[in-house]
1. Considering amide H positions built from the backbone, and no H for Pro or chain starts, which residues 5 or more places from residue 449, or on another chain, come under 5 Å of its amide H?
2. Hey, got the Cα dimensions of the range 325-470 along the principal axes, in Å, largest first?
3. Please determine, in degrees from 0 to 90 and to the nearest 10, the orientation of helix 80-97 with respect to the longest principal axis defined by the Cα atoms of the chain, where the helix direction is its Cα long axis.
4. From the Cα trace of the range 249-293, what convex hull volume per residue do you get, rounded to a whole Å³?
5. For the chain, just list the percent of Cα-Cα distances falling in each 10 Å bin from zero outward, please.
6. Sorted by average packing, counted as other Cβ atoms within 10 angstrom per residue and highest first, what order do 130-136, 298-304 take?
7. Treating only the Cα positions of the range 380-427 as identical point scatterers, give the base-10 log of I(q)/I(0) from the Debye formula at each q in 0.19 Å⁻¹.
8. If you average the alpha carbon positions of the range 137-190 and of the range 28-73, how far apart do those two centres end up, in angstrom?
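The values are calculated or read from the model by the stated rules, or taken from the named source; none is laboratory data. Values in this document were obtained by computation on a predicted structure and should not be read as measured data. Virtual Cβ from ideal backbone geometry, glycine too; neighbours counted across all protein chains shown. Accessible surface is based on the protein model in full, side chains and every heavy atom, while ligands, DNA and RNA are left aside. Shrake-Rupley method; radii C 1.70, N 1.55, O 1.52, S 1.80 Å.
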Amino acid sequence: MSSTPDLTSSVYSQALELIASVEPRIAEATRQELADQRASLKLIASENYASPAVLMTMGTWFSDKYAEGTVGHRFYAGCQNVDTVETLAAEHARELFGAEYAYVQPHSGIDANLVAFWSILAHRVESPALAELGARNVNDLTDEQWETLRRRLGDQRLLGMSLDAGGHLTHGFRPNISGKMFHQQQYGTDPETGLLDYDALAAKAREFKPLVLVAGYSAYPRRVDFAKVREIADEVGATLMVDMAHFAGLVAGKVFTGDEDPVPHAHVVTSTTHKSLRGPRGGIVLATEEYAPSVDRGCPMVLGGPLSHVMAAKAVAFAEARQPAFRTYAQQVADNAQSLAEGFLGRGATLVTGGTDNHLVLLDVSSYGLTGRQAESALLDAGVVTNRNSVPGDPNGAWYTSGIRLGTPALTTRGFGHDEFDAVAELITMVLENTQPGTTKAGGPSKASYVLADGVAAKVKDASAELLDKHPLYPGLELS
Ligand code: PLP
């Protein structure tokens, strides 16, 4: 991470003083959050450290402006500067990903997926129905016509990757709205290898005939052949939507190219902007020209007023990601995941799919006799921040789980390389080998409580501090 000018120190220090004059506890929590982030090994695969330029862009008066609508077509007056911001963010996104169209308004990844789903429904179901009825929009329909169309919109099929295979809850998981608004089925991974089985996916798609085929993942440690998935979608007449929320940084940084780059293959691509892409918290939708007009109706279809300050920060982050340094960063993220995986395998650990070729590693902690929840808690005691995650066919379900998901984007931003990630594998192994499952109050085996051997947490924290001190977070930023 490049050195932060002193200017940042004085700007943040004064900002915190101002905040403290209104609500000192928020200023204190903000200071503490920086201290905690600086002092922990952050391995949450979906987190990163945005640059001071990105962070500061979010803290301006753009936050105060309402701008429902699209560039040049707003439902509020005085949006000329928001138009500039949204135009620049969309331009950068199109250039960065080589997309025909970019929509930068979604507030989050979930919002981006909702925009994508309703855009696909609008394009594939609503527009043809309106044309058949000779109507311009849904307000022109009689109540009876609208009721028929509304039922058709709610009678469509979606096929997505299951949660325990690494998919996201917005990919048709029943408790999520995506699983309720569509008839949904899920595809998984090969039970032997843990790898995506394209033949099984094709067979399921042929049988189910989805309108929407969703690819992409939150916890699958491998690359996907999107050209192959597009062939499957075309064969069954599905729209291919790829959710690249997790690996957008690897796409932007040209680590995933050709068949592994979703943008040339999918009809619609969604993403978050805050994970490997290292921008502000938010979402985007990329689309082909064909789908652009319906995606452009994200507001009012799904969204209200865009977060103009966050769109501005997206523009800054995309501009950063277009610099050559971001390609170096993205390659290092992938190389570091390899180093982490090799570090674990060399110490006898079990990894889902036997390794990784993206930014994340899924460690099966059942070989240490632990649940994911026990492992996550013991690691946190030692200053290692991870999250528990299901593994395919997980006997412990989605709450306790049998896995720990680890990602390299954040620590790579701090400057960690091969040796540091090998050391991280060593420290994590030390914690897990020294943790025993606890018992319930009734004396039975517990899936939550654990006993970490005395002295291990302190030893790991000392060793982490040495690594972290060599790679400070926001170097040069000193709060007064
Ligand atoms: N899609 C995928 C693949 C994700 O991993 C996530 C977040 O974890 C999301 C969507 C949702 O993003 P957000 O938390 O910004 O709504």
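1. 438
2. Here the Cα extents, ordered largest to smallest, are 56, 35, 23 Å.
3. Taking the Cα atoms of the chain, the angle to 80-97 is about 70 degrees.
4. 67
5. Distribution as computed: 4, 19, 27, 26, 16, 6, 1, 0 percent.
6. 298-304, 130-136
7. Once normalised to I(0) and log-transformed, intensities are -0.73.
8. Each part's Cα centre sits 32 Å from the other's.
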